[in-house]
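The structure under discussion appears below in the form of structure tokens.
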Amino acid sequence: MGAKAYLSISAEVKAALAAGKPVVALESTIITHGMPYPQNLAMAREVEDVVRANGAVPATIAIMDGRLCVGVSGEDLQRLAEEGHAAAKASRRDMASLLARGVMAGTTVATTMQIAALAGIRIFATGGIGGVHRGAEDSFDISADLEELGRTPVTVVCAGAKSILDIAKTLEVLETNGVPVLGFGTDDFPAFWARTSGFKVDQRFDTPVEVARMLAIQSDLNMGGVLIANPIPEADAWEASEIEGFIAQALADADAKGIKGKATTPFLLQRIFELTGGKSLESNIALVKNNAKVAAQIALALSGQLAQRPA
Ligand code: PSU
Ligand code: MN
């Protein structure tokens, strides 16, 4: 039995894929572990609306009831959002166990990429990717997202990486894994809440059509994933110096509590949410929506691009 036997694709997403319409995948760890309830549910619905408003079909991906679900909506989306941290956080290594046990799980960037690829979806929007954690030289804590980007042919639109991570090392590992890092309208790799990190992207592209042209070639070359770094809108952005103190505090708290491994990112996000009086969450939601918009535009450009190319 092939992996596709575990897929459950919603009728809407299935029809869109069959008709060659643009589809944008959305992850669900951001729902279960990235934001508190009920803002997580509102965010998930708003992001889907943004994808639709920009002419594409949203496909929220999660692991539920022993299935790899593509196009989670309605009551299932509600269940997932309510489950929150009680749901599992699915990375590549967890998939078979979670399917065997039939438990609910938010899918990380890595796992969402895997499932999107299985379903035939090529563009995926999220907030920030996982990366190399600060102190990784001792902890070896490097997100499986970076390995997945190297091997799975899905384009991930994100707002860069949070400076809870070591951005320089994250970019080095992306290079090692052969992942193109494109700046969308920027030369500087963005740092999630802040528009700049002080580190450069590999290449800058300014329009969805230019990006689609590059992606079509990446696909012809049979290469892996592409990371598109799209800075948070100005209106919602923080100065790096404004957020750095909160990040340092959250990191110190994680250290004091002995938080490790897969619990690290959710803990830090929750702590920064508390320390900023909820303001970090508003920015987080704004940047995810902005990524959904750009992902939809690229998906549209890509479907036009592919239609124009000879078979
Ligand atoms: N960044 C966020 N919110 C999130 C995540 C990252 O701002 O919810 C999630 C994503 O699903 C990402 C995962 O793939 O955390 C990375 O976790 P880890 O570092 O354990 O691989
Ligand atoms: Mn980790």
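One line per residue, one yes/no per condition, for (1) under 23 Å from Ile272 (Cβ atoms); (2) aliphatic (A, V, I, L, M); (3) modelled with pLDDT under 95:
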{"residue": "Leu7", "(1), (2), (3)": "no, yes, no"}
{"residue": "Ala16", "(1), (2), (3)": "no, yes, no"}
{"residue": "Val24", "(1), (2), (3)": "no, yes, no"}
{"residue": "Ile30", "(1), (2), (3)": "yes, yes, no"}
{"residue": "Tyr37", "(1), (2), (3)": "yes, no, no"}
{"residue": "Ala59", "(1), (2), (3)": "no, yes, no"}
{"residue": "Ala86", "(1), (2), (3)": "yes, yes, no"}
{"residue": "Arg92", "(1), (2), (3)": "no, no, no"}
Looking at Gly106, Gly130, Gly135, can you tell me which residue is out of contact with any His (no Cβ under 6 Å at 6 or more places or on another chain) and within 8 Å of ligand 1 (Cβ to nearest atom)? Gly130
How many residues are in contact (Cβ under 8 Å) with a residue 60 or more places away in the chain and within 19 Å of the chain's Cα centre (by Cα) if we restrict to segment 14-41? 16
Select from segment 131-183 the residues that are within 16 Å of the chain's Cα centre (by Cα), outside any loop (DSSP other than H, G, I, E, B) and hydroxyl-bearing (Ser, Thr, Tyr) and list them in ascending order. Thr155, Thr170
Identify, by number, the condition in (1) farther than 22 Å from Leu149 by Cα; (2) more than 20 Å from the chain's Cα centre (by Cα) that Asp220 doesn't meet. (1)
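Are any of the residues in segment 143-152 open to solvent by less than 20 Å² (accessible area, probe 1.4 Å), away from ligand 2 (no atom under 16 Å from the Cβ) and within 11 Å of Ile129 (Cβ to Cβ)? Show your work before the answer.
Quick first cut of segment 143-152, residues open to solvent by less than 20 Å² (accessible area, probe 1.4 Å) only: 145-146, 148-149, 152.
From what's left, away from ligand 2 (no atom under 16 Å from the Cβ): 152.
Now narrow it down to the ones that are within 11 Å of Ile129 (Cβ to Cβ): none.
Looking through segment 143-152, none of the residues is open to solvent by less than 20 Å² (accessible area, probe 1.4 Å), away from ligand 2 (no atom under 16 Å from the Cβ) and within 11 Å of Ile129 (Cβ to Cβ).
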Given the conditions (1) aliphatic (A, V, I, L, M); (2) assigned to a helix (DSSP H, G or I); (3) open to solvent by 20 Å² or more (accessible area, probe 1.4 Å), report the number of the one that Val103 does not fulfil. (2)
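Could you grab me the full set of residues in segment 1-31 that are of a type outside the set (Gly, Ala, Ser) and assigned to a helix (DSSP H, G or I)?
Restricting attention to segment 1-31, the residues satisfying the condition of being of a type outside the set (Gly, Ala, Ser) are 1, 4, 6-7, 9, 12-14, 17, 21-24, 26-27, 29-31.
Listed by number, the residues that qualify are Lys4, Tyr6, Glu12, Val13, Lys14, Leu17, Thr29, Ile30, Ile31.
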Looking at the structure I just gave you, is Gly34 among the small types (Gly, Ala, Ser) and either assigned to a helix (DSSP H, G or I) or farther than 24 Å from Ile129 by Cβ (or both)? no
Kindly state which helices (runs of 4 or more DSSP H) lie completely within segment 197-311 and contain at least 1 residues that are within 16 Å of ligand 1 (Cβ to nearest atom) and hydrophobic (A, V, I, L, M, F, W, C). 240-257, 264-275, 279-308
Any residue that is in contact with a strand residue (DSSP E or B) (Cβ under 8 Å, 6 or more places away or on another chain), open to solvent by less than 20 Å² (accessible area, probe 1.4 Å) and farther than 21 Å from Leu287 by Cα - is there at least one of those in segment 2-20? yes
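The values are calculated or read from the model by the stated rules, or taken from the named source; none is laboratory data. Fair warning: this is a prediction, and the values are worked out from it, not measured in the lab. All Cβ positions, even for glycine, are placed from backbone atoms using ideal geometry, and neighbour counts span all protein chains on display. What goes into the accessible areas is simple: the full protein's heavy atoms, side chains included, and nothing from ligands, DNA or RNA. Shrake-Rupley method; radii C 1.70, N 1.55, O 1.52, S 1.80 Å.
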